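What follows is a set of notes on a single structure, which appears directly below.
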Amino acid sequence: MLNVLTTLFPAEEFTLLALVLGMPLLGAIVNGLFGQRLGKQAVKTMALSAMGIAFLGAALTFLVLDREASHHPGHHVKLSWQAWQWMHASGTRDTTIPIELKFSVDALSGVMMLVITGVGFLIHLYASAYMEKDPAYWRFFAYLNLFVFSMLVLVLGDNLPVLFVGWEGVGLCSYLLIGFWYQHAPNAQAGKKAFIANRVGDFGLLVAMFLLVQYTGALDWNGIEAGSGSLVNQADQMQVHLWPIGGGQFQGFLSFLQPKNPLMITGATAVGLMLFLGCTGKSAQIPLYVWLPDAMAGPTPVSALIHAATMVTAGIYLVCRLSFVFVLSPFTMAVIACTGAATALFAATIALVQNDLKKVLAYSTVSQLGYMFLGVGVGAFTAGFFHVLTHAFFKACLFLGAGSVIHAMHARIHDDVKSQDMRYMGGLRKYMPYTFWTFGAATLAIIGFPLTSGFFSKDEILFKAFVNHPVNAAAAHMPAKAAAQLWQQPTWLGPVVWGMGLAAAVLTAFYMSRAFIMTFFGEFKGWTIGKAPAGAHDHHQDAHAHGDDDGDHHHEEDLKTPGPAPHESPWQMTVPLMVLATLSLAGGFLNPGLFASFFKDGKPPMEHWLEPVFEEAEKAIQVLPNAEAAHHKEYPLTFAAFAAFAVGSFVAYQFYIAKKGAPAKDMAEKAPGLYKLLLDKWRVDELYDAVIWNGTDALADTAVSVDQSFIDAIIARLTALVVAALGTVLRVFQNGVVHVYAGAMALGIVVIGWFVVVPRADVVVSHSASNADYVLDAAPGMGYGYRWTPEAGGKPQDEKFSPASTQLKLHLDADKTQVVKLEVQNAFGLTATKEITVKGPVTEKPEKPEKLGQVDLPSVNVGKN
Amino acid sequence: MAAVETPPPAQKSSPYSVLVVGAMLLVLASASYIVVPDFLAKILGRLGGLLPLLVPALVVGAIPKNRSWGVRLTMGIIAAALALFVQRMWPGATTAEVDPADVPEESHTILSWLIGLPFLGAIAVLFLPRQAPRTLKAFTLGVMIVSLLASIPLLRVTMGRDFHFVQDVVWIERFGIHYKVALDGISLWLVMLTVFIMPIAAYVSFGSVDKRIKDWCFSLLVLQGAMIGALVAMDLFLFYVFWELMLIPMYVMIGVWGGANRIKAAIKFFLYTMAGSMLMLVAIFYLAYTYSRASGGELSFDYFELQRLVLPHHVQMWLWAAFALSFFIKVPMFPLHTWLPDAHTEAPTAGSIILAAVMLKMGTYGYLRFCMGLFPEACGWSSASLGGVAVLGGIIYGALCAWKQDDVKRLVAYSSVAHLGYVMLGIFAATPSSLEGSVLQMVNHGISTGALFLLVGAIYDRRHTRMLDEFGGLAKVMPVYATLFIIVAMSSVGLPGTNGFVGEFMIITGTFVSNRLGHVNGIQAVGAAIGVVLAALYMLTAVQKMFFGKLTNPENKKLKDLNSREIIAVLPLIGMIFIIGLFPSIFLEPISGAVARVHDDYSNRIEQNPPPKFYEGPIKLQARRPEAPKKAQAPADPAPAPETAPAAEGH
């Protein structure tokens, strides 16, 4: 079977990718265009079959890839398919860089592809029941399929622009899906916020692309890798000049701005930081994480698929994909690791006190994404990427479980905020056993219960953070003196980020246990359970009918009246939960770093699989102090991670089960300021509003007022005013009074008469180029007679003024000067005098104009032709 | 993209079974592919041929049942035409089949037909009865569609670096004025854009213009002729004639069919443009006079002849300034842009569409063709500073102003300032990629902004207001409208996959590697990239205010969704958004040759006389380029002498 596949789909023309990509797109088009008329059943069939076929295609692709990889061990095997030539760009020195619409799959994108289609299918299945009552069912699945398509484009794209298509595409779908219930203004607002925060990141990605074009002259993965050498060029002109911008010079009064040493960074650092800015946008890291918690306004399957399992991990995928670029700059790596660690810790603190179940999970996602960046930032690419995989399992499971809970709560609590509030839940263990067990499994995974998937992946990241040390690989090829100038990461950085990660692990264990306990243990607090009195309305009628008219489902039920117990969800929702829960528990064995020695070559399957992808990048990663010593640290460090889990979850148990939440209340009362600050998410949103938003707002207001009251005022209104003023002045003279006109006429006659009566003398000197002869021409005038005095002070040529002698010819030797006097007498007998100095030819060589090979003008033959 | 809140129809079995059958067919096809690989390839090959049938079938199928068959047919035809266009224009699609010997000789009159048809139509309109508006409308539309069809031969020529379809007739012999028209890759798509957008604008306007139909039709046709003329004129005098002629119908359109402040806006528009073009006229005369001095007494307004002039720097600067001012006003570039929001706001919908889609392009096109062609050193001297103006004053300032507008039309007008900032930046950067991107972006802007104005016009016709605060929640009552608006907005924002991205991407990459912008090319490219963020800001704000949230305003509750006329008008634009976005090489290939020519000329001239030591010698004439179209003879001269290029050429 595989033989058939490999002959059908050669590695260079792997059209199977078209099927994987095409099915979700087909689903989106069919559902988008015809969905409304097809009915729910058909929409569901279309969406699910599209995802199913795509998953099968992805699985086949994966098998082929595996086979190819086993045939070429150690090689970076790639299957690619080019759709068509898309466009082109020009590089430095006007080279042309073709940009193809090309897709390729290798070990890295293969795993991503499986996750997207696999988890995607499960979530589609889940959503087919979850969204059952929504009138815009077709629209939901059209968007969801479009999202999967965009995500596949993102991971399968063979160059940055194609990746960018997917990158923006998922952003668009996320925008549309967050604002799916667009009639609620906050939802649309959250969608817009997400799109714009993402766009800020996309700006970074765009700039990174331009830098790559300039430095490497390529945008496809192979080309970038081949040309990446110039990124670390230390020559002045090859660096990115930050100040003065672009490498200019401040001159004149601005020279105080000129620094002694221009501020420069290497191309690698610039590209890395800009790419990472893109990642912070998409993957919700500090400083652009603020959109993700708000994005929970979307339907819960969307939160699971887009805002937990797939889209938000695109940033980590990008770092892994271009790992060979990132490792060229230890500075960028340090920034990534620190940002990741800081985000992990920061988001975890916020999650401690949130009461909204989805918000807890959202901040937990931000925190887990921080872990992933911490992993890739310290050069543990496999570990970081493995966490993407395990996180996709357990976080999707958690979100879907939360959705299942909300689905049940929504039966009677119709308010969106309240139905997600954990303070109304509790005791659901009894009513929703499947949800309880699967949610529990996923919770164990995320808090790092030994041998679950989260345990292995998080443990590996923390271990690597402690021992790894990315170095500047360029140093090896440089003279020792120059190499000493290069920036290297301090050795304490690893332990510091490890410490932050460990602290975040403690907090994670606490807040996830808290959420789990508050939701499933204790007493149910939503409403009184009992037999519903007659006449209570049937909750199935309007559950989840968010899109319906005028929000009339917002009438609050009296929750004191007894109602039916919360119900377990239908099979379409529980089956995905069970699959994902299983994967959350067992998935860790794909890459158990702790048990590496049990595997062939000492490498667990995942590491073995991804080895060719990261081979190049990992050369730049040193292990401190050495591989042997680092290996010995593994067990103590694992124990530390275990301790973090144990402490966090034990405290949560003490707080919320043993003491029923009393200690938490006490603490909140003791430090109300801190509690409030955490509850308000450190008020970062408010800070952004005050600084960035208001700043831009003020800038725009200034622009508008400048436009109206300055530019338009000067160019249009002032001009008009000047013209009008002139008209007003001139109008005074056109007043129709005859003697004013007569006076003006008299004045005019006097002026003209004066002009005629007074003589003026003027001379034009022309000289012929061939010799030193000069001709002086006197300006003509009415009734003028002329008298020349060739040498001033001497005798005039002629005593009389003669009308005929308008010219004087003169010969001057080189470097001589002569002063000539001209007298003019007019018919009224008045005279005027003018003296001019005539200079002889200069002996210096005349400066010839540069000849350009063209003919000078006198000799050009421009005839008719 | 928006919900229709009608209760979902009861489950139907028929479409479901169709889907099942479809899925089975798919499985069968995949199976057969595995067994006989060639089979599916063959089928797919056949399907490729059927594409012009399949696409319209899909489109017709997508139209809801309540539309008439006439609408379906029209849309089917439009879709088929677009599909056929993509198929035939696909790079390499035709070259394999065509035998070079079979290539028909280029028509030398086709450009004159394209200019003349609308003028003839306009004259004919004068003789049609004022009382028969339907006849007038049909006739006008007919003329425009015939023009569109007549332009098809333009697409069948491999453009390359040269000018095509040259027609050169001596017009006023004494002053060396010719009627000379020619087309190259740069003007090709602008001419196509004109003939493409005019019927759309006219068609949509027939739904809303209700007074003085005859005058309206006359204006439209004169405008079309003048615009095409200005785009293909290769004689500066002729160009000027068309340039000014273009102004009058637009002035009338704003002044007669415009909004409340139409007179003020029309006068402002007229005076601004006129102030620039007067200076340009003087410069044109001076240029012709200088040419006569250099060539021994023969006046000429011929672009190719004038291009041979090498002027000393200070002379060039003045002439360049006169031309550039005129073009910058038209673009419009900061700070000469304030006429645009007024003109757009007051103009009728069709006027706004044409103004944005074509007339603004005259500025960018003019700068690219005339300023860069005639005064390269002066352009090179100024491009770094002007690039800064384009980024700060155009892209960023325009976007910020757009964000703060309450009136949708003003918002779109300011977004035009931002978009044309990109185009101008690309022209100033003058790398092949940025120039191609600029030309493409001119077309893109025409399509996206044209579509935006069309859609804004649709809501204006319904509500007679364009204030954003008056709307909100429209997605509920006008789902089709909302969907189309969001698609167009995304194209305007530059989402990859739509046309906006390709142009912006090429421009910004080109800017980044440009060496014509001094050391600020990097920061200018970064500034342009910031514009991408701001574009999202203002567009999404507008979208959100119009379509999302609760439908609170009672006046909006009963709004009707787009009617057939509006959908038919906007469909081709939507189609083009995706066609350019996905297959830009169709458009880039004809452009690239001409751009390479412009770029080489420009770079050569600048590198010969690099700043700061500009050329300051006497006026001279360069050798005539071999590929320049030959000059027409005065009819009196029977036997043209063989062209004698000046001897000294090599350098």
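Evaluation of A:LYS633 against the conditions (1) farther than 30 Å from A:VAL325 by Cβ; (2) more than 14 Å from chain B (Cβ to nearest Cβ); (3) of a type in the set (D, E, K, R) shows that the sole unmet condition is (1). I want to confirm something. Restricting to region A:188-198 and keeping residues that are within 9 Å of chain B (Cβ to nearest Cβ) and surrounded by 24 or more Cβ atoms within 10 Å (Cβ to Cβ), which single residue is farthest from the chain's Cα centre (by Cα)? My answer is A:ALA188. Scanning region B:583-595 for residues being at the interface with chain A (Cβ under 9 Å from one of its Cβ atoms) and small (Gly, Ala, Ser) gives a total of 2. Please enumerate the residues belonging to region A:88-111 that are touching a strand residue (DSSP E or B) at 6+ places or on another chain (Cβ under 9 Å) and of a type outside the set (Gly, Ala, Ser). If the condition is that a residue be touching a strand residue (DSSP E or B) at 6+ places or on another chain (Cβ under 9 Å) and of a type outside the set (Gly, Ala, Ser), then A:HIS88, A:THR96, A:ILE97, A:PRO98, A:ILE99, A:GLU100, A:LEU101, A:LYS102, A:PHE103, A:VAL105, A:ASP106 are the ones that fit. The set of residues in region B:308-332 being out of contact with any strand residue (DSSP E or B) (no Cβ under 7 Å at 6 or more places or on another chain) and farther than 26 Å from B:LEU247 by Cβ consists of B:LEU311, B:PRO312, B:HIS313, B:HIS314, B:VAL315, B:GLN316, B:MET317. The residues listed here are B:GLY497, B:GLY522; of these, the one that is at the interface with chain A (Cβ under 8 Å from one of its Cβ atoms) and over 24 Å from the mean Cα position of the chain (by Cα) is B:GLY522.
Each row is one residue, and each column tells you yes or no for (1) aromatic (Phe, Trp, Tyr); (2) surrounded by 24 or more Cβ atoms within 10 Å (Cβ to Cβ).
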residue	(1), (2)
A:TYR317	yes, yes
A:CYS320	no, yes
A:GLY340	no, yes
A:ALA347	no, yes
A:LEU352	no, no
A:GLY370	no, yes
A:LEU374	no, yes
A:ARG423	no, no
A:LEU428	no, yes
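How many of the residues in region A:470-512 are under 27 Å from A:PHE346 (Cα atoms) and either without any contact (Cβ under 8 Å) to a residue 24 or more places away in the chain or part of a helix (DSSP H, G or I) (or both)? Counting residues in region A:470-512 that are under 27 Å from A:PHE346 (Cα atoms) and either without any contact (Cβ under 8 Å) to a residue 24 or more places away in the chain or part of a helix (DSSP H, G or I) (or both) gives 22. None of A:LYS600, A:LYS633 is free of Cβ contacts under 8 Å to residues at least 24 places away in the same chain and over 35 Å from the mean Cα position of the chain (by Cα) except A:LYS600.
If only one of B:ALA458, B:ALA482 is more than 10 Å from chain A (Cβ to nearest Cβ) and touching a residue at least 40 places away in the same chain (Cβ under 8 Å), which one is it? Break it down into steps so the answer makes sense when it comes.
Working: B:ALA482 fails: more than 10 Å from chain A (Cβ to nearest Cβ).
Sole residue among the options that is more than 10 Å from chain A (Cβ to nearest Cβ) and touching a residue at least 40 places away in the same chain (Cβ under 8 Å): B:ALA458.
Residues that are in a helix (DSSP H, G or I), closer than 27 Å to A:GLY315 by Cβ, within 10 Å of another protein chain (Cβ to nearest Cβ) and without any contact (Cβ under 8 Å) to a residue 40 or more places away in the chain within region A:207-255 comprise just one, A:PHE210.
Being at pLDDT 90 or above, buried (at least 21 other Cβ atoms within 10 Å of the Cβ) and over 26 Å from B:LEU136 (Cβ atoms): is that true of B:MET246 here? So B:MET246 does not fit the description; no. Mind checking which residues of region B:148-197 are touching a Leu at 6+ places or on another chain (Cβ under 7 Å) and among the charged types (D, E, K, R)? Result: B:LYS180, single match. Can you find a residue that is at pLDDT below 85, over 36 Å from the mean Cα position of the chain (by Cα) and not in a helix (DSSP H, G or I) anywhere in region A:617-630? Within region A:617-630, one or more residues are at pLDDT below 85, over 36 Å from the mean Cα position of the chain (by Cα) and not in a helix (DSSP H, G or I).
Based on what the data block shows, is B:THR541 surrounded by fewer than 20 Cβ atoms within 10 Å (Cβ to Cβ), of a type in the set (Val, Ile, Thr) and outside any helix (DSSP H, G or I)?
On the way: surrounded by fewer than 20 Cβ atoms within 10 Å (Cβ to Cβ): yes; of a type in the set (Val, Ile, Thr): yes; outside any helix (DSSP H, G or I): no.
The answer is no for B:THR541.
Can you find even one residue in region A:682-692 that is closer than 30 Å to B:ALA343 by Cβ and free of Cβ contacts under 8 Å to residues at least 40 places away in the same chain? The answer is no; no qualifying residue exists.
Residues that are under 39 Å from the mean Cα position of the chain (by Cα), surrounded by 11 or more Cβ atoms within 10 Å (Cβ to Cβ) and polar (S, T, N, Q): does region A:688-695 have at least one? Within region A:688-695, one or more residues are under 39 Å from the mean Cα position of the chain (by Cα), surrounded by 11 or more Cβ atoms within 10 Å (Cβ to Cβ) and polar (S, T, N, Q).
I'm told B:LEU562 meets every condition in (1) crowded, with 20+ Cβ neighbours inside 10 Å; (2) away from every other protein chain (no Cβ under 13 Å); (3) modelled with pLDDT under 80 except one. Can you identify the failing condition by its number? Only one criterion is unmet by B:LEU562, namely (3).
Out of the residues in region B:317-343 meeting the condition of being within 14 Å of another protein chain (Cβ to nearest Cβ) and in a helix (DSSP H, G or I), tell me which one is surrounded by the fewest Cβ atoms within 10 Å (Cβ to Cβ). Give the steps one after another, and end with the answer.
Applying the first criterion (within 14 Å of another protein chain (Cβ to nearest Cβ)) to region B:317-343 yields B:325, B:328-329, B:332-343.
Right, trim to in a helix (DSSP H, G or I) and you get B:325, B:328-329, B:339-343.
Values: B:LEU325: 19, B:PHE328: 25, B:ILE329: 23, B:TRP339: 22, B:LEU340: 27, B:PRO341: 26, B:ASP342: 23, B:ALA343: 28.
Filtering first and then ranking leaves B:LEU325.
Against the numbered list (1) in contact with a Pro (Cβ under 6 Å, 6 or more places away or on another chain); (2) surrounded by fewer than 24 Cβ atoms within 10 Å (Cβ to Cβ); (3) among the hydrophobic types (A, V, I, L, M, F, W, C), A:ALA362 comes up short only at (2). Consider region A:175-187 and keep the residues that are within 9 Å of another protein chain (Cβ to nearest Cβ) and part of a helix (DSSP H, G or I). The one that is farthest from the chain's Cα centre (by Cα) is A:ALA185.
For region B:456-473, residues that are in contact with a Leu (Cβ under 7 Å, 6 or more places away or on another chain) and buried (at least 24 other Cβ atoms within 10 Å of the Cβ) total 1.
The values are calculated or read from the model by the stated rules, or taken from the named source; none is laboratory data. In this text the structure is predicted, and so the values were computed from the model without any measurement. Note that each Cβ is placed from the backbone with ideal geometry, even for glycine, and that neighbours are counted across all protein chains shown.
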